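The structure under discussion appears below in the form of structure tokens.
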């Protein structure tokens, strides 16, 4: 059995023609691939953003209920561990720079072999002390000096990190064309910002248009109305994002072509998905994380080409999430699924279009809202005023930009706090979400609980809290059930105002 998991960071669902032909980018390779595959219409985010989503994939259970951004923990039973124990060769090719920063430890080292292409985002790669020569004089949003130094290392498109990632995946196929038992993860950082893309792709979308400054590749994580960014520049960055999606699609196509060239396409399971979406001006938002997880962030693409063309060209209506990928890949390779996994294998869908998956999906950013969907409704449960009690649990106390507990050393505890493992962990009081910074009130955009009927209101414009009591009661029940079934720390019920009688 051969499995290839292609993860494209920040790939919005509506950028793909198989989901949204009227607004999509030009993605001929993904469109052709979707015709050979099952397109999942009800795939949802789990833990957000980047590294939490990857721990969901690797462990088959939610990260966000217990900790924010962080490494593989010593007690984690991972997808790659189980594959290797079953004799499956594992490899990852990636330019996802977050694996090399604090809070990204332990993921790459799981694999038999791994290759990381440097330079994306703020990756501290090029060691130039002086300011680079390519700093723009005028710009919207942000400019990263380190990225400007890095980008001087790729004079041609094929030298850029994501193209190099796909080229390395093609090399892997060439080198292992006679082998039939491997798991290859191909993880492109694109189309994550900065939306750095050659002019030839921008020309397909109107070029610079009305942009009146030298540079706009990194949107600020703020409301548009709180910035000086005009409508024309918002339109420009939307087109720039689409151009980067088109470039990523081109390089994805080289991998598919290589599989066909080596006569490996038909017998290989290929999974294409993402970690989260992104706001490009809709609802007045730019960026991610600090707002409610509306569909722009939470409703994601998942396209699966089962081996030998099973169910090619069909759609799947079942509810799915990233935690389902681990048991799916393990079952495909004949490896047992650990009892720590709370995801559901999608392999039964290869032969049975009506096979069941899950009744609900939880999703969220740690220490913010906890959300639930049944595929029909989405329910965003806001925390109580003060957002307490709230804790972070970890054996390795690393998170994005810092180490846990540095501001509350005298309040750190250690014990067997997680019910699903006997491994002792630290418990850190959490005063604010680790993924949100530069805000006095980290929860200012998510103070209100919201409920939406996606069937009648996919745009999520009409809040039904206090309007549809039956739907609200049902979704609260699903949220309670989900917290129990996924071993959420007990204080989550109190923090969300769901049970003030819980013993902590």
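Here are the numbers for this structure:
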item: Spherically averaged projected area in nm², based on the convex hull that wraps the Cα atoms of segment 157-262; result: 8.0 nm²
item: Residues residue 225 and residue 388, FRET efficiency given R0 of 35 Å [Cβ-Cβ distance, rounded to 0.05]; result: 0.70
item: Alpha-carbon Rg with Dmax, taken over segment 400-453, Å; result: 15.3, 45
item: Segment 393-504: relative contact order in percent, alpha carbon pairs under 8 Å with at least 6 residues between; result: 16 percent
item: FRET efficiency estimate (nearest 0.05) - Cβ-Cβ, residue 314 to residue 356, R0 22 angstrom; result: 0.85
item: Percentage relative contact order, segment 2-361, counting C-alpha pairs under 8 Å, at least six apart; result: 32 percent
item: Label-point separation in nm, residue 457 to residue 22, each point 7 Å along Cα→Cβ; result: 2.0 nm
item: Fraction of antiparallel bridges per DSSP, the chain only, in percent to nearest 5; result: 50 percent
item: Percentage relative contact order, segment 334-389, counting C-alpha pairs under 8 Å, at least six apart; result: 19 percent
item: Tail weight of P(r) past 17 Å, computed on alpha-carbon pairs of segment 356-455, percent; result: 62 percent
item: P(r) tail fraction, segment 2-361 - alpha-carbon pairs more than 40 Å apart, %; result: 10 percent
item: Label-point gap, in nm, between residue 413 and residue 156 - each point 7 angstrom along Cα→Cβ; result: 6.0 nm
item: Segments 389-396, 83-90 sorted - mean Cβ within 10 Å per residue, highest first; result: 389-396, 83-90
item: Virtual paramagnetic centre 7 Å along Cα→Cβ of residue 423, amide N under 16 Å, in segment 367-406; result: 393-399
item: Cα-based equivalent ellipsoid of segment 12-109: semi-axis lengths in Å, sorted from largest, via gyration tensor; result: 29, 17, 14
item: Three-way shape label, segment 37-170, alpha-carbon gyration tensor, a/c 1.5; result: prolate
item: Paired Rg and Dmax values of segment 201-346, which use every Cα atom, in angstrom; result: 19.6, 57
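Where a number appears in this text, it was derived from the coordinates with a stated rule and is not lab data. Treat the numbers as computed from the prediction; the structure is a model and nothing was measured. Here the Cβ is made from the backbone with ideal geometry for all residues, glycine too, and neighbour counts use every protein chain on show.
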